[in-house]
Amino acid sequence: MESKSPYFSPKKTRNFVKQSGLKATLLQKAIQAREVTPEPVASTSVNEKASVPSVPQIKIEPLDDPPEKKPRAPRRKPIKVESSPDRRQGDDPQVDVVVHKSPRKRTPIKEEWVEGWEPVNWRPMLENIRRMRLERPAPVDSMGCDQFRDDVTVPPKTRRFHTLVSLMLSSQTKDQANFECMQRLRKHGLTPEQMVATDVERLEKLIHPVSFYKNKAKFIRQTSALLLSTYDGDIPDTIEGLMKLPGVGAKMAHLCMGAAWNIVTGIGVDTHVHRISNWLGWVPRETRTPEETRLLLERWLPFELWEEVNHLLVGFGQTICTSTYPRCNECGNAEICPARGKHGIRRTPIKKEIKQEELEF
């Protein structure tokens, strides 16, 4: 059945009519073009020569072959060092050993230290920090690592071991969490013998809230075994001996020497001391690591302040000069601090009372 609608009948659509008419027109023009015969071209006589423009001839000479380039040898700058007498051949003193520099090894930048340099207004800043620390207690005052050296209920050797373990747990951990872990460990039995007898899984559960508790549990057991085999269960009394223990760095070693042995060997620089020293301008240039800050602080700070400055700046960083949004409006050094307002300003009031839970030993 044929549809009568123009939309279903291609023969009756407008497009079909247009296309068919166009095809017919093109076909008719093609037929007319074939019927047209070309006019004969008048032939020229033999004597008549067509004027053809002369083409200049170009002589092409072969090019010489380019000279061969010699490959360049890679440039290496050797460093000549004097050879030892054993490596010299005969009596020839000109035989040297050539050592090439490694491209990845960076030479340290030697910075000239100006003798007599000290920060501007550092003494008024220190007095203001002392006053603010007396007015506002900090967690480090009641839950710091040095609280265990005054416990007369345990022998001195055990007290020193408690101080060392507390410092090992304090890395990147708040004082509240560290203090609670120490109470659980002391209730479990915090001696080198007990730590070696305790398996790693049990020790991890005891110190779980602290950061990196899995690594710290292994370090405590390894350190306890080393103390029993080398130091008769006591801790080393030198910086070199403490830094050889697993998980003990320069900051822990200096703090442990002061808290456990009452010997000041250096400034304990943690994240608070490192940050505040840069903000107050107590270093001649911006430092990147706490160890770099410690070396620069010890060059100008009087020796009698080395032990005090750690306790002052840690508590000051916990209460007022915090890492994010410090309380510059409530700081006594606001007028002379070079970093005021550069890290945001917190406007909430300070909690003057810190609640401490009573935990059993």
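List every residue pair whose Cβ atoms lie under 6 Å apart, where the two residues are 6 or more positions apart in sequence or sit on different chains, the first residue falls within the range 270-294 and is over 11 Å from Gly317 (Cα atoms), and the second residue, located anywhere, is open to solvent by 50 Å² or more (accessible area, probe 1.4 Å) and not hydrophobic (A, V, I, L, M, F, W, C).
Asn278/Glu286; Gly281/Pro338
If Ile235 meets every condition in (1) modelled with pLDDT of 95 or more; (2) buried (at least 20 other Cβ atoms within 10 Å of the Cβ); (3) outside any loop (DSSP other than H, G, I, E, B) apart from one, which number is that one?
With (1) modelled with pLDDT of 95 or more; (2) buried (at least 20 other Cβ atoms within 10 Å of the Cβ); (3) outside any loop (DSSP other than H, G, I, E, B) applied to Ile235, the lone miss is (3).
If a residue must be among the polar types (S, T, N, Q) and within 16 Å of Arg159 (Cβ to Cβ), how many such residues does the range 186-201 contain?
Result for the range 186-201: 2.
Looking for something among the aliphatic types (A, V, I, L, M) and closer than 28 Å to Glu115 by Cβ - is there at least one such residue anywhere in the range 219-229?
The answer is no; no qualifying residue exists.
Scan the range 174-198 for residues that are in a helix (DSSP H, G or I) and not hydrophobic (A, V, I, L, M, F, W, C) and jot them down.
Listed by number, the residues that qualify are Asp175, Gln176, Asn178, Glu180, Gln183, Arg184, Arg186, Lys187, His188, Pro192, Glu193, Gln194.
For the range 173-204, give me each residue that is among the aliphatic types (A, V, I, L, M) and open to solvent by 70 Å² or more (accessible area, probe 1.4 Å).
Once the filter is applied, which keeps residues that are among the aliphatic types (A, V, I, L, M) and open to solvent by 70 Å² or more (accessible area, probe 1.4 Å), the range 173-204 yields only Ala197.
The values are calculated or read from the model by the stated rules, or taken from the named source; none is laboratory data. Model, not experiment: these values are computed from the prediction. Using ideal geometry, Cβ is built from the backbone for each residue, glycine included, and neighbour counts are taken over all protein chains shown. Heads up: the accessible areas ignore ligands, DNA and RNA and are worked out on the full protein's heavy atoms, side chains in. Shrake-Rupley method; radii C 1.70, N 1.55, O 1.52, S 1.80 Å.
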